[in-house]
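The values are calculated or read from the model by the stated rules, or taken from the named source; none is laboratory data. Just so it is clear, the structure is predicted and the values come from calculations on it, not from any experiment. Neighbour counts run over all protein chains shown; Cβ positions are idealised from the backbone, glycine included. In case anyone asks, the SASA skips ligands and DNA or RNA and just uses the protein heavy atoms, side chains included. Shrake-Rupley method; radii C 1.70, N 1.55, O 1.52, S 1.80 Å.
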Amino acid sequence: MATAAAAALPPAAATACTLMLADHRSARVLGQVPLDPAAPGLRVAFTHSVLGTPVEDRYVFRHGAEGWRAVLVEERWLGEGYGLPIAAGPGEQLVRDDSLGPGGWRLTLQRPVHPLVVLALPSQRMRVIVDGQAPILLGTLGPPAPTSVAMHVDDCPAPGGS
C-alpha cells in the first residue's frame with residue numbers, strides 16, 4: 001500500500017534539507033527523506049532492463065538563480081548494451097570501474113536534470129539511496145504501479161547561509 005510505504009519513510013525534520021518524492025502527474029507527496037543540508041544528494045539504483053545488471057546514477061542538488069536543481073554527476077554500470085554510454089562526451093570522463101562488479105564502467109559528468117523524474121518499474125527494482133538510510137524501493141510508493149516519481153529538495157538552506 002502506498003500509505004504504508006510512505007509512512008515507513010523516516011520523517012524529515014522541519015528545519016532540515018528534505019528530499020521530496022511525489023507522483024509526477026498528481027504532485028501527491030509519496031514520501032520525504034532528510035538530506036545533508038551541506039551536500040544534498042542521492043543515488044538512483046536499478047537493474048538494467050535488457051542486461052539484468054546493476055546501474056547506479058548519482059545526483060547532487062545545486063542552488064542557482066532558478067533555485068535548487070538536480071545534476072547527474074556520475075553513472076556506474078556493468079556491461080555494455082542498450083541505453084548505456086559507449087563514449088564520454090565533451091567535459092566527461094569514462095573509465096573502468098569494478099565497484100559494482102567485474103567489467104564495470106564509471107562516467108563522470110555534469111548534466112542538469114530538471115525535473116528529476118524516474119519511472120518506478122518494479123521489475124527494475126528502482127530505488128533511491130541516501131547515505132545513512134535504508135534504500136527506498138520506488139515501486140512500492142504508490143498505486144497504480146508503475147508510477148513516475150518526481151524528486152526535488154525542499155527547505156534546504158541556500159549556499160552562503162541565505
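Working from Cα pairs under 8 Å separated by at least six residues, relative contact order for region 37-88 is 29 percent. With both labels modelled 7 Å from their Cα along Cα-to-Cβ, the SER49 to ASP98 distance reads 3.1 nm.
Loop-located trypsin sites (Lys or Arg not before Pro) across region 89-138 with a Cβ neighbour count of 16 or fewer within 10 Å are ARG125, with loop assigned by DSSP.
Based on DSSP H segments of at least four residues, each scored -39500 (n - 2.57), the chain has a per-residue ellipticity at 222 nm of -1000 deg cm²/dmol.
Here the accessible area of the chain is 57 percent carbon and sulfur, with a 1.4 angstrom probe and all protein chains present.
Available extension along the chain between SER148 and GLN110 is 11.3 nm, counting 0.36 nm per residue and deducting the alpha carbon span. Determine the per residue accessible area of the chain with all protein chains present and a 1.4 angstrom probe, expressed in square angstrom. Value for the chain: 53 Å² per residue. Among ILE129, ILE86, the order of accessible area from largest down is ILE86, ILE129, computed with a 1.4 Å probe on protein heavy atoms.
Taking only C-alpha pairs under 8 Å that are 6+ residues apart, what is the relative contact order of the chain in percent?
27
Computed over region 30-92, the Cα gyration tensor eigenvalues convert (square root of 5λ each) into semi-axes of 26, 17, 9 Å, ordered from largest to smallest.
When the chymotrypsin sites (Phe, Trp or Tyr not before Pro) in region 60-162 are filtered for DSSP coil states and for at most 13 other beta-carbon atoms within 10 Å of their beta-carbon, the remaining sites are TYR82. From the square roots a ≥ b ≥ c of the eigenvalues of the alpha-carbon gyration tensor of the chain, which class results: rounded (a/c under 1.5), prolate (a/b over b/c), or oblate? It comes out oblate by the Cα gyration axes. For THR53, the solvent-accessible surface with a 1.4 Å probe is about 30 Å², rounded to the nearest 10.
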